[in-house]
Structures are given as structure tokens and as C-alpha cells.
Amino acid sequence: GFVCHGETVVGAGQHANRVTVRAGRLDTRLKAGAAVTGWAGEPMTAMPDAENRFSGEVFATAVGEDGALTVTIGGLRKTGYRPAAGEPVTVIPAPPSVSTIRSRRTAVARLYKRRFSWLSQGATPTASRRPVPLAVMIAAADDIQAPEN
């Protein structure tokens, strides 16, 4: 599911910050925008320390004509390990950021403490309709296909 193992097709090189991994299996759940961590080697090997791992973000996924999945990972760090072309790598989702969790908890706590917050009131916000500009309505009407009789 979440583990992607394959061979690096396009390596990071000295100045590049993207890597393309070709995996033989299509069952990975990595999507564009997901933060990932990876290392050289098989999935069952122990995860190396931070200096021997790479981390970045999935930019794109695609299935080639040969049925192999290609995952493009970008935003690699400028220092540390960078996989080279032809190297077997394992890629997994990055662990959650402690600072992000802390800031989101703070935001929710703030909503609970506010006097007129929908969280402290115990009622979800009601749906409200807003006026739609005429130009938007006309554009939407133009997009609707007329039924054929």
C-alpha cells in the first residue's frame, strides 16, 4: 500500500532536486502533493539515519506503456543523501510533523475557548446561499449539453 520500491530512473545529481522512481507494482498509495521519505535499498532493511535518507514531495505519478509506475519526487534537500540513477530505493510517506500537529491543536483549542465559535456552541454552521453573478450563471448554462431526443 504505502511502500513504493523501485529503481531510480532519473537521479538527483549535483544540482537537481528531482528524482524519478520506476516501480514494478502499481499498488502504492502515494499521491501528488504527499510528503515522502526514502532510502537506498530494500524495504525490509532498517531505515537509515537522517543523513542517509532523502525527503521531498511527490510531484507526479504515472503509469507507463510497459505497465510500470513512475513516481516523480521533487523538493529534495540540498545536502545529505541524493539517489543516483540506477539505484534501488524505497519510498514511504513522511512521518507527521510535530510542529504542524501542535499548531493545529492550538487552533482547535482556540476555537473551543471562543465564546461564539461554532465548536463551543455545539452546533455546526448552517448552509447559506449567496447570490451568484449573472456571468457565472450564463457560463454554466452554456456548458450544459442539451438532451437529444
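Of the labelled figures (i) 1.22; (ii) 1.19; (iii) 1.25, only one reflects Rg/Rh (Cα atoms, Kirkwood Rh) as derived from the coordinates, namely (ii). Between 0 and 90 degrees, the angle of helix 134-143 with respect to the longest Cα principal axis of the chain falls at about 60 degrees.
When each of the peptides 115-121, 92-98 is scored by the mean number of other C-beta atoms lying within 10 Å of its residues, the order from highest to lowest reads 92-98, 115-121.
When the chain is treated as a Gaussian network with alpha carbon springs shorter than 10 Å, the biggest mean-square fluctuation among 101, 73, 138 belongs to 138.
FYI, it's all coordinate maths here, none of it is from the lab. Computed from a predicted model, the values in this text were never measured in an experiment. Note that each Cβ is placed from the backbone with ideal geometry, even for glycine, and that neighbours are counted across all protein chains shown.
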